[in-house]
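Chemist: Structure incoming, see below.
The values are calculated or read from the model by the stated rules, or taken from the named source; none is laboratory data. Note that the structure is a prediction, hence the values are computed from the model and not measured. Every residue, glycine among them, receives a Cβ derived from its backbone with ideal geometry; neighbour counts consider all protein chains shown.
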Amino acid sequence: MVKQHDDELDAIFHALSDPTRREMVRLMSLQERTVSELAAPFDMSLAAASKHIKVLEHTGLLHRTVAGRTHICSLDRQALASASKWLHVYEQFWNHQFDALERELSKAEKEKH
């Protein structure tokens, strides 16, 4: 079970490591997009954009529905939520570290005066 979860997270973070795919995720977070709409902001062929879309689809970040010849892409928030949950652990760690730093800086400032 843990190995499968690790594999899923690895795939999600790999997909998000590419700036083109991150922008596609951002665009889909605003609304569903067609493949052409996802490809439009980038200087690349529709085939190249389709490869990025397939990576996102493989990870579960993107869900594609077909209406005739139109492929509509939407963000699957559940896959994104699992990555966010993993990151949350480290957010708590860093918040604790920054709180400790703030206390030390405040203490040093008081000692200075």
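Chemist: Looking at 85, 110, 51, can you tell me which residue is of a type in the set (D, E, K, R), over 16 Å from residue 27 (Cα atoms) and modelled with pLDDT of 95 or more? Walk me through how you get there before you give the answer.
Modeler: On the way: 85 fails: modelled with pLDDT of 95 or more; 110 fails: modelled with pLDDT of 95 or more.
Only one candidate passes the filter, namely 51.
Chemist: Confirm whether residue 64 is among the basic types (Lys, Arg) and in a strand (DSSP E or B). Lay out the reasoning, then the answer.
Modeler: On the way: among the basic types (Lys, Arg): yes; in a strand (DSSP E or B): yes.
The answer is yes for residue 64.
Chemist: Before we move on, is residue 94 in a helix (DSSP H, G or I), touching a helix residue (DSSP H, G or I) at 6+ places or on another chain (Cβ under 8 Å), more than 20 Å from residue 36 (Cα to Cα) and of a type in the set (Phe, Trp, Tyr)?
Modeler: On the way: in a helix (DSSP H, G or I): yes; touching a helix residue (DSSP H, G or I) at 6+ places or on another chain (Cβ under 8 Å): no; more than 20 Å from residue 36 (Cα to Cα): yes; of a type in the set (Phe, Trp, Tyr): yes.
So residue 94 does not fit the description; no.
Chemist: List pairs: first in region 13-35 and over 20 Å from residue 85 (Cα atoms), second part of a helix (DSSP H, G or I) and of a type in the set (Ser, Thr, Tyr), Cβ under 8 Å, 6+ apart or cross-chain?
Modeler: Every condition considered, the pairs that remain are 35/50.
Chemist: Hey, can you tell me all the residues within region 23-39 that are part of a helix (DSSP H, G or I) and either surrounded by 11 or more Cβ atoms within 10 Å (Cβ to Cβ) or touching a strand residue (DSSP E or B) at 6+ places or on another chain (Cβ under 8 Å) (or both)? Break it down into steps so the answer makes sense when it comes.
Modeler: We begin by selecting, within region 23-39, every residue part of a helix (DSSP H, G or I); these are 23-30, 35-39.
Selection gives 23, 24, 25, 27, 28, 29, 35, 36, 37, 38, 39.
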